[in-house]
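Structure first, then comments.
The values are calculated or read from the model by the stated rules, or taken from the named source; none is laboratory data. Predicted model only: the values in this text are computed from it and were never measured. Reconstructed Cβ throughout: ideal geometry from the backbone, glycine too, with neighbour counts over all protein chains shown. Note: accessible area is taken over every heavy atom of the protein model, side chains too, but ligands, DNA and RNA are not part of it. Shrake-Rupley method; radii C 1.70, N 1.55, O 1.52, S 1.80 Å.
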Amino acid sequence: PSPLLPPALGGWSATAAPRTGIDPAAADAANASILKEYGLKNFASADYGHGGHKLAIQAMRFVDATGAYGAFTFYRKADMRPDDLGRAGAADGREVVFWSGTTLVDATSDHMGSEERAVLKALAAALPQNAGPEGVPPSLPRYLPPASLEGSTVRYAIGPDAYLKAGGVLPAEVVDFSRDAEAITAEYRSRDGNGTLTILEYPTPQ
């Protein structure tokens, strides 16, 4: 596979060779079991510099788009605003998270300005797009009614650890992820009241 992070990006240079690996614990020790559930294949992280600007980037490649999308919903913070990077993105003043193909990118900087965003756009454009079934995102998010949906609260899980850590309401044993369940949870807010919606999908009617 092509390297996740190149030594240079749009005039920015990595301060050292990117750190790479396949162990979820090396990518994110606190959430290793969650990355395993989403199907992490490999990761790379590097610090880039340009003039006085610095940008730390971590890219994680998953077995399919389902894993990349799920990891995006997990790492996206509730106070982030939507962003147009990649297939879908979210950002605040110091961090940008986006996914494209089967890859999730998480970038941080002291100031996420136009130069930093230009680098991330170049990276997003260079990420491979999988044409086979592994490149097809999950269909379950399309079932969420759009009216009154708080988009930044959407969480998608295919395993119990991600489901519980993201605030799953129903007990994980009731969902029973051993049956290849998929779960999506979102918050709704309107003048009529607030609520949480959970949708579960299984591969068979049984």
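General observations
- Elements of type strands (runs of 3 or more DSSP E) contained in the stretch 106-206, each with 1 or more residues being aromatic (Phe, Trp, Tyr): 149-157, 182-190
Conditions tested, residue by residue: (1) open to solvent by 50 Å² or more (accessible area, probe 1.4 Å); (2) in contact with a helix residue (DSSP H, G or I) (Cβ under 6 Å, 6 or more places away or on another chain); (3) polar (S, T, N, Q).
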| site | (1), (2), (3) |
| --- | --- |
| Asp161 | yes, yes, no |
| Leu164 | yes, yes, no |
| Val169 | yes, no, no |
| Glu173 | yes, no, no |
| Arg179 | yes, no, no |
| Arg191 | yes, no, no |
| Gly195 | no, no, no |
| Ile199 | no, yes, no |
| Pro205 | yes, no, no |
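- Screening the stretch 1-96 for helices (runs of 4 or more DSSP H) wholly inside it with 2 or more residues that are touching a residue at least 60 places away in the same chain (Cβ under 8 Å) returns the ranges 32-38, 65-75.
- Applying the criterion of being buried (at least 18 other Cβ atoms within 10 Å of the Cβ) and β-branched (Val, Ile, Thr) to the residues of the stretch 1-57, the residue that is farthest from Gly168 (Cα to Cα) is Ile57.
- Hey, Tyr143 of a type in the set (Ser, Thr, Tyr), open to solvent by 10 Å² or more (accessible area, probe 1.4 Å) and either within 23 Å of Ala32 (Cβ to Cβ) or in contact (Cβ under 8 Å) with a residue 12 or more places away in the chain (or both) or not: yes
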